[in-house]
Amino acid sequence: MTSLAPRCSSPVQQPDCKSETAQTTRPPRLFWVTDRGEKLIADNRRARHDYHLLDRVEAGLVLTGTEVKSLRDGRASLQQAYADVRDGEAWLVGAHISVYDQGNLANHDPDRDRKLLLHKKELESLAGKVSQKGLTVVPTRLYFKNGRAKVELALARGKEGRDKRRDIAKREADRDMQRALKSRR
């Protein structure tokens, strides 16, 4: 019969002292740490499929406390999101940050518009480029950088159906070449 009591007699856990609670497994990792020290929360892969991405810019987000906690749990989606410039301010529209489970009645609205923090010159540049026909601003990544939530915005032009088919055919051809080279080794 095994005992559930700790294996050492000290009430303070030393590094070499193991107890049953210390042997529990860690929860799965929710973030992907990039080589730049950023913790990736959400990646908008659909944007790379639907748009030609031209310029990229990093922006901060104005968030509430429960939104930050929900982001730390990795519960966000950028699938239907886009950025909009209204009255000299940039807004992230359509981004979904799930409700924080341990939050109280003052929990946040998951689909509310969130203000983006950009320098004035960046904002004016984006507003000028978006006014051109066929350009929009889409979020590509949502991540933590030095403890602050950031979003990477990309100036984008919509792809046509033939462009998407061409990209798929090129990717499959590259895959076939890699397979053939690998089998020759």
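Taking 0.36 nm per intervening residue step and subtracting the Cα-Cα distance, what contour gain separates residue 79 from residue 129 on full extension?
This chain segment gains 15.8 nm when fully extended.
Could you list which residues have their amide H under 5 Å from that of residue 115, counting only those 5 or more apart in sequence or on another chain, with H placed in the peptide plane?
62, 92
Work out how much length residue 162 to residue 185 would gain on full extension: take 0.36 nm times their residue separation and subtract the Cα-Cα distance, in nm to one decimal.
So the chain would gain 4.8 nm between residue 162 and residue 185.
Does the stretch 32-184 classify as rounded, prolate or oblate by the C-alpha gyration tensor (a ≥ b ≥ c root eigenvalues; a/c under 1.5 gives rounded; else a/b over b/c gives prolate, otherwise oblate)?
Because a/c hits 1.5 or more and a/b fails to exceed b/c, the stretch 32-184 counts as oblate.
Using amide H atoms built 1.01 Å from N in the peptide plane, name the residues 5+ places from residue 95, or on other chains, whose amide H lies under 5 Å from its own.
82
Cα to Cα, under 17 Å, and not fewer than 8 places away if on the same chain: which lysines meet these conditions relative to residue 133?
Once the sequence-local lysines are set aside, what remains near residue 133 is 159.
What is the distance, in nm, between label points placed 7 Å from the Cα along the Cα-to-Cβ direction at residue 58 and at residue 172?
3.8 nm
Hey, what did the stretch 32-184 get for relative contact order, percent, Cα under 8 Å, at least 6 apart?
31 percent
Give, in nm to one decimal, the length gained when the segment between residue 46 and residue 121 is fully stretched (0.36 nm per residue of separation minus the Cα-Cα distance).
24.2 nm
Straight-line reach from residue 121: which lysines fall under 19 Å, measuring Cα to Cα and dropping same-chain residues less than 8 apart?
Within reach: 129, 150.
Work out from phi, with θ = phi - 60° and the Karplus expression 6.51 cos²θ - 1.76 cosθ + 1.60, the ³J(HN,Hα) of each residue of the stretch 108-121, listed in order in whole Hz, and give x for Gly and Pro.
Values per residue, Gly and Pro as x: 7, 7, x, 10, 6, 6, 10, 6, 9, 9, 10, 5, 4, 5 Hz.
Bear in mind that the values in this text are calculations on the coordinates, not laboratory data. These numbers come from a predicted model, not from an experiment. Glycine also receives a Cβ, built like all others from the backbone with ideal geometry; neighbour counts cover every protein chain displayed.
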